[in-house]
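What follows is a short report on a single structure.
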Amino acid sequence: LQAYERRFPTCPLIPMFVASDTVNEYKSEDGAIHVIERRCKLDIDAPRLLKKIAGVDYVYFVQKNSLNRRERTLHIEAYNETFSNRVIINEHCCYTVHPDNEDWTCFEQSASLDIKSFFGFESTVEKIAMKQYTSNIKKGKEIIEYYLKQLEEEGITFVPRWTPPVACKSESSTSHTRRPVSPAINIPDSATKEGLNNKEILNTSSSPSEPQAGTPDDKLDADYIKRYLGDLTPMQESCLIRLRQWLQETHKGKIPKDEHILRFLRARDFNIDKAREILCQSLTWRKQHQVDYILDTWNPPQVLQDYYAGGWHHHDKDGRPLYVLRLGQMDTKGLVRALGEEALLRYVLSINEEGLRRCEENTKVFGRPISSWTCLVDLEGLNMRHLWRPGVKALLRIIEVVEANYPETLGRLLILRAPRVFPVLWTLVSPFIDDNTRKKFLIYAGNDYQGPGGLLDYIDKEIIPDFLGGECMCEVPEGGLVPKSLYRTAEELENEDIKLWTETIYQSASVFKGAPHEVLIQIVDASSVITWDFDVCKGDIVFNIFHSKRAPQPPKKDSLGAHSITSPGGNNVQLIDKVWQLGRDYSMVESPLICKEGESVQGSHVTRWPGFYILQWKFHSMPACATTNLPRVDDVLASLQVSSHKCKVMYYTEVIGSEDFRGSMTSLESSHSGFSQLSAATTSSSQSHSSSMISR
C-alpha cells in the first residue's frame, strides 16, 4: 500500500498519467477505513486526427480507492468521465491478503469497455483502449516493484499492521452483530452518480438486521458471511461480488439475494461465466411464469391435496427443512391422467418455493446459514406401475426444471426401503441428475435405514415418522389410487397444459436479421405514458419507439415466424410497411437503445401527441471496421454460427395515465417480476431524458 500511494499525484513510469486531483475523501474515526476519490488527467496515445475530431487533448477518469485496514483489503474502481455518453469504461482492482500466507498479496483485476458511438471511429477507439489497457497490465508489477525498491532505499522495509484504538475495541465488541455498510456509500457524490439522493443514502446506511441484497458493494463482512452464507474463500467471495455487480448493472430492480446467487456459483464450481448463463436463464424463467408469486396466487387442485403423498415435516439434525415423499404410495399414473404434466410440475415448483422460504426461516432460528433442505423418499410399495412411460416422462421433465432453477437446494436425499424394481427407475432418471446432486443420495434397501449409519444419524429420534417406525405422527397424505372418474381425456389435458404454460403477463417474440418484432399502441390522450419491461433472452437487439399519425396495416406475421425460438408464444410481427419513409410517414421519438444479451430493460415514454406508437425490437448487427470495408474477425466468427441471426425477447407493455405515473416501475403491474422471494429489496434506477425514463 505504501508503494502504491506513491503513484500519486503523478507517476514518471506512466507517461500518459499527467496529473490527479482529490475530489472526495473520507476517513473513519478509528482510522480503519480510508476512501479517496481522485480525478485523473490522462494523455492518451491516440492519432492527432482523432483528437482533433473529438476536440480534446486529454481525457479524465475518476478513480475511487477504498482501503479497509481492518479487513486488509484495497478496492480500486475507475470509470471514464470524458465521453461517458459515447464510451463506457469500468475497471476494478482488488488487493487482498492470501488466506494461507499473510505475507503474500493477492491481486485481481477486471475491466469492461462498451463503445456506443465515436464519430465513426469505434473500431479505432476499441484498439486504442485495448492497447493502453494491455500496456498498463504489463507495467503494473514493474511500477509496484519500483516504488518498493524506493522504500527500501529509504530504510522502510516493514510497516506494522493497523490496530484499533482502545476506545474503539470496546465499541466494536458491542456492535459486531450489525452488518457494516460499504464505505463507498459514505461519499455522496459517487452515491448520487448511481441515482441515490441524500435521504436514500441515510436509509441505506441504516440497513435492517436482515441483510439486503446488493450491499455492501465492494467487500462482504466476515460476520455476514458466517451468519448467512457459510464458509467462503476469498476467491469465492470475489466471484460472488463480481456476479452481483454484473446483475446490478443489467437487471436493475430485481437482484436476487446473495444466498441465491451463491447457489448458482456453487453449481458451476464458481465459474462466473457458466453461473451467469444459467442464473440469467432462471431469472427470465421465473419472471415469465410468475414463479415468485406461485405460493400466493396458485391453489393446488383438490386431487393433489388428497393424493400427492408428500409434505414438510420438521427439520433434520443440521437444521435443514425436511420434506417427506411417500413415492411408493403415490399413484403417479392416476395423477398424470387426472391433472396433466404441467399441473404436476407447478405443484413441485410450489414445493421448492416453500423450501426456499423455510430455509430463510431456519437460518434465522438456528443463527447459521441454511440454504438447502433434506428430502426423505419412502419407496415402500414401488412397482412397475410407477414405470408407466408418461409418468416417467413427467418425472424427467420435473427433474430437468428443478435442476436448472433450484441448484444446490438439495442438501441430502434419503431413499428408504428401495425395492427390486428401483434399479430400473434409477437407470432411467440418474442421467438427468447433476453429478454434485447424485453425491448427496443415500440409498437404503429393506430395513437397513434402522441400523448403524441409518436414519438416526441424520434425523432426531423424536421426529422420525410413524410409518417408518418412529413415534412422530406425520401429516403427509397417504396417497392411494386416484379414482378413474377424475381422469380426463388427452385433449382436455393438452388444453389445460397450454393454459398453464401461457398464464403470464409477458409475451415472447423472435427477432431475426431483417425481420424486427413490432408492437402497436394507440394513444388517445396525449398525456399518456407508455411503459415497458423486457428481457433480452438471446442475442443483441436495438430498441426503438416510433410515432405515426395514421394506423399501419393490420399486423402480418412474418414467414420467419414459423421458425420461432420459443414454443408456444414466440411470434414475429411487423407493422411498418416497407414503402413507409422515416420522417414522412412516421417519426422516431426516442434515441435507439442497444441492449445486450442477458440485459433487463424497464422504461417509459411520456407521449406528446395522440396517434399510433410502435415499439420495435430490431436485430443488432455489429458495425464493420470504420477504416475498411472488410468485416472484423468477430463478425466473421459470429456469421458462422447458425443462431447468430436470431434473437429472443420477452416483453410486457402497458399504457397508464400521467396522473397515475410515479416515475418508476412501481406503478407497473410488471414490477411484480421483482423476484420478491429471492431479493430482500428492490431498487429502481432510471436515467431521465426530456420525455422518457429508461432504466437498464
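The values are calculated or read from the model by the stated rules, or taken from the named source; none is laboratory data. Predicted model only: the values in this text are computed from it and were never measured. FYI the Cβ positions are ideal-geometry reconstructions off the backbone, even for glycines, and counts take in every protein chain you see. Side chains are part of the model used for accessible areas, which takes the heavy atoms of the whole protein and leaves out ligands, DNA and RNA. Shrake-Rupley method; radii C 1.70, N 1.55, O 1.52, S 1.80 Å.
Listed residues GLY355, GLY311; which is assigned to a strand (DSSP E or B), touching a strand residue (DSSP E or B) at 6+ places or on another chain (Cβ under 7 Å) and either surrounded by 21 or more Cβ atoms within 10 Å (Cβ to Cβ) or touching a residue at least 12 places away in the same chain (Cβ under 8 Å) (or both)? After applying the criteria, what remains is GLY311.
The rows are residues; the columns are (1) aliphatic (A, V, I, L, M); (2) open to solvent by 40 Å² or more (accessible area, probe 1.4 Å).
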site: LYS439; (1), (2): no, yes
site: TYR444; (1), (2): no, no
site: ASP448; (1), (2): no, yes
site: GLY451; (1), (2): no, no
site: GLY454; (1), (2): no, no
site: TYR458; (1), (2): no, yes
site: LYS461; (1), (2): no, yes
site: ILE464; (1), (2): yes, no
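Among the residues examined, PRO390 does not qualify as farther than 19 Å from TRP312 by Cβ, at pLDDT 90 or above and open to solvent by 10 Å² or more (accessible area, probe 1.4 Å). Please go through (1) out of contact with any Gly (no Cβ under 7 Å at 6 or more places or on another chain); (2) acidic (Asp, Glu); (3) closer than 21 Å to PRO419 by Cα for GLU380 and return the number of the only condition it doesn't satisfy. Single failed check for GLU380: (1).
Give me the residue from the range 107-137 that is outside any strand (DSSP E or B) and of a type in the set (Val, Ile, Thr) and, out of that set, most open to solvent (accessible area, probe 1.4 Å). Across the range 107-137, the extreme among qualifying residues is ILE137.
Six or more apart or on different chains, Cβ under 7 Å: which pairs go from a residue in the range 438-457 that's in the same structural domain as PRO423 (by the TED database) and free of Cβ contacts under 8 Å to residues at least 12 places away in the same chain to one that's exposed (fewer than 15 other Cβ atoms within 10 Å of the Cβ) and of a type in the set (Ser, Thr, Tyr)? Could you list them? Filtered contacts from the range 438-457: ARG438/SER430.
Pull up the range 269-308, narrow it to residues that are acidic (Asp, Glu) and either in contact with a Gly (Cβ under 6 Å, 6 or more places away or on another chain) or under 30 Å from ILE463 (Cβ atoms) (or both), then point me to the one that is surrounded by the most Cβ atoms within 10 Å (Cβ to Cβ). Per the criteria, the residue is ASP306.
Among the residues making up the range 583-600, those that are in a loop (DSSP other than H, G, I, E, B) and either more than 12 Å from ASN544 (Cα to Cα) or open to solvent by 70 Å² or more (accessible area, probe 1.4 Å) (or both) are GLY583, ARG584, ASP585, SER591, PRO592, LYS596, GLU597, GLY598, GLU599. If you filter the range 80-106 down to residues that are surrounded by fewer than 18 Cβ atoms within 10 Å (Cβ to Cβ) and closer than 21 Å to VAL56 by Cα, you find that the one that is farthest from the chain's Cα centre (by Cα) is THR82. Determine, yes or no, whether TRP246 is part of a helix (DSSP H, G or I), of a type outside the set (D, E, K, R), farther than 24 Å from ARG358 by Cα and open to solvent by 10 Å² or more (accessible area, probe 1.4 Å). So TRP246 fits the description; yes.
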